[in-house]
1. List pairs: first in the stretch A:112-129 and more than 20 Å from B:Ala15 (Cα to Cα) and of a type outside the set (A, V, I, L, M), second at pLDDT below 90 and surrounded by fewer than 18 Cβ atoms within 10 Å (Cβ to Cβ), Cβ under 6 Å, 6+ apart or cross-chain?
2. Output the residues belonging to the stretch B:7-22 that are at the interface with chain A (Cβ under 8 Å from one of its Cβ atoms) and under 20 Å from A:Pro63 (Cβ atoms).
3. Do any residues in the stretch B:38-59 that are under 15 Å from A:Arg241 (Cβ atoms) and facing chain A (nearest Cβ under 8 Å) have Cβ atoms under 9 Å from those of residues that are at pLDDT below 50 and outside any loop (DSSP other than H, G, I, E, B), where the two are at least six apart or on different chains, and which pairs are they?
4. Any idea which of (1) within 11 Å of chain B (Cβ to nearest Cβ); (2) closer than 24 Å to A:Leu139 by Cβ; (3) touching a Phe, Trp or Tyr at 6+ places or on another chain (Cβ under 6 Å) is the one A:Ile57 doesn't satisfy?
5. In the stretch A:1-29, what count of residues is obtained for those that are more than 22 Å from the chain's Cα centre (by Cα), more than 12 Å from A:Ile238 (Cα to Cα) and at pLDDT below 90?
6. Pull out all pairs, ordered by first then second residue, where Cβ-Cβ is under 9 Å, the residues are six or more apart or on different chains, the first lies in the stretch A:237-255 and is touching a residue at least 60 places away in the same chain (Cβ under 8 Å) and more than 7 Å from chain B (Cβ to nearest Cβ), and the second is in a helix (DSSP H, G or I) and buried (at least 21 other Cβ atoms within 10 Å of the Cβ).
7. Among the candidates A:Ala164, A:Ala103, which residue alone is of a type outside the set (Asp, Glu) and either loosely packed, with under 15 Cβ neighbours inside 10 Å or closer than 19 Å to A:Ile60 by Cβ (or both)?
Amino acid sequence: MQTQSITQKLANPTRFMALSGAILPWLSATAAVIIAYAMYRGWNAPPDYQQGETILIMYIHVPFAWLAMMGYALVAFSSFGLLVFRHPLADVSAKAAAPIGAAFTFLALVTGSLWGKPMWGTYWVWDARLTSVLMLFFLYLGLIALRSSIEEETLASKLTAVLALVGVALLPFIKISVEGLSIPWLGLEIPAWNTLHQPSTGMGSTIHISQRIPLLLSAFGFSLAFFAMHMKAMRTEILRRRVKALRIAEVDRARAREAVAAAE
Amino acid sequence: MDLGSHAAFIIASYAAAIIVLTGLIAWLVYEGAHQKRLLEDLEARGARRRSKSSTATKSTANT
C-alpha cells in the first residue's frame, strides 16, 4: 500500500516538479563528488600487472556500458508503465531517458574501442558483444527518430513504447553474448559466443581491491549522474508540455473570441 | 604521471567522455532554461489552462 501511495503521489506532475526541484541539486552534487573521488582513487591506484595504465579506461568504460543497458531498461520499464498503467509520468520518463541512454551507449562503444586497440590489437571486431551494443545504440536512435517523426504526440508515445518493449529482447542477448547462460532445472544451456570481450567486471570479479573500489565508486557516481540528468530532462519535458498546453489554450481562446465577434 | 606507451588511448577515452557528457549536460541545462523562459513569458501574458479558458469562453459566450 505504501508503494502504491508513493507512485500515486509521484503521478502528479506538479508534485514531481516540487520534489525533483528539491532533490536535483543534492543529487547532482553527490554524483560529482563521488565521480571525482572515484577518479582520484583510480588514477592513484597501481597499474594493472597485465594491462598497465590502460586499466584507467576501465573506470569509465564499465560504468558507461552498465548505464547503456540500465538506461534501456528504464526506457522499457517506463514504456510498460505507459502502455499498461497509463501512468502520467511514464511517457515523460521514457522520452527523457532515450537521449541520455544513447549518449552513454555511444561512450561505451568509443571507450571500448579505444581500450580494444592496445589490448586486442584492433578497434573493432564484429563479435556478439560489440555488435549487440552497436544495435542497442541504433535502437536508441530509432526510438528518438520514431518519436520525432510523428506529429501527434499521443500516437508517437504509444508507438515508441511498443518499439521500446520489442527492443528489450536485446538486453539479455548482450548479457549472454559473453557469459552464456546455464539454467540446469530448465535444461537450458546457451554457450558464450566466440568473442574477444572479457566477462563483465563487477562485484564478483577477481580484480584487485585497489582497482575494484574506484570502479564500484565510479559506477555508483555515474549512476547517480544518470538519474540526475534523467530527472532534469523529465522536468524540462513537463515544462515543454505545459508550454504547449498554454499555447493551444491561447489559440483556442483567440478562435472563440473571433467566433463571438463574427456572431455579433 | 607516466601513462606508458598507450597514453594516447587513455587520454582520448577520457577526452571523449568529458566532451560528450559536458555537451549533454549543457544541452539539458539550456533546454530547461529555454522552456522555463517560454512558460514564464506565457504566464506573464496571462495565458491560462484550457479548462479555465473554456469556462471563461462559455461565460463570455453567454453574456
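The values are calculated or read from the model by the stated rules, or taken from the named source; none is laboratory data. Predicted, not measured: the structure shown is a model, and the values here were computed from it. So basically every Cβ, Gly included, is an ideal-geometry build from the backbone, and we count neighbours across all protein chains shown.
1. A:Trp120/A:Leu196; A:Asp127/A:Thr195; A:Arg129/A:Thr195
2. So in the stretch B:7-22, the residues at the interface with chain A (Cβ under 8 Å from one of its Cβ atoms) come out as B:7, B:9-10, B:12-14, B:16-17, B:20-21.
Of everything in the stretch B:7-22, those that are at the interface with chain A (Cβ under 8 Å from one of its Cβ atoms) and under 20 Å from A:Pro63 (Cβ atoms) turn out to be B:Phe9, B:Ile10, B:Ala12, B:Ser13, B:Tyr14, B:Ala16, B:Ala17, B:Val20, B:Leu21.
3. If the second residue must be at pLDDT below 50 and outside any loop (DSSP other than H, G, I, E, B), the pairs left are B:Ala47/B:Ser53.
4. (2)
5. 8
6. A:Glu237/A:Asp91; A:Glu237/A:Val92; A:Glu237/A:Ser93; A:Glu237/A:Lys95; A:Glu237/A:Ala96; A:Ile238/A:Val92; A:Arg241/A:Val92
7. Values: A:Ala164 fails: either loosely packed, with under 15 Cβ neighbours inside 10 Å or closer than 19 Å to A:Ile60 by Cβ (or both).
Answer to the check: A:Ala103.
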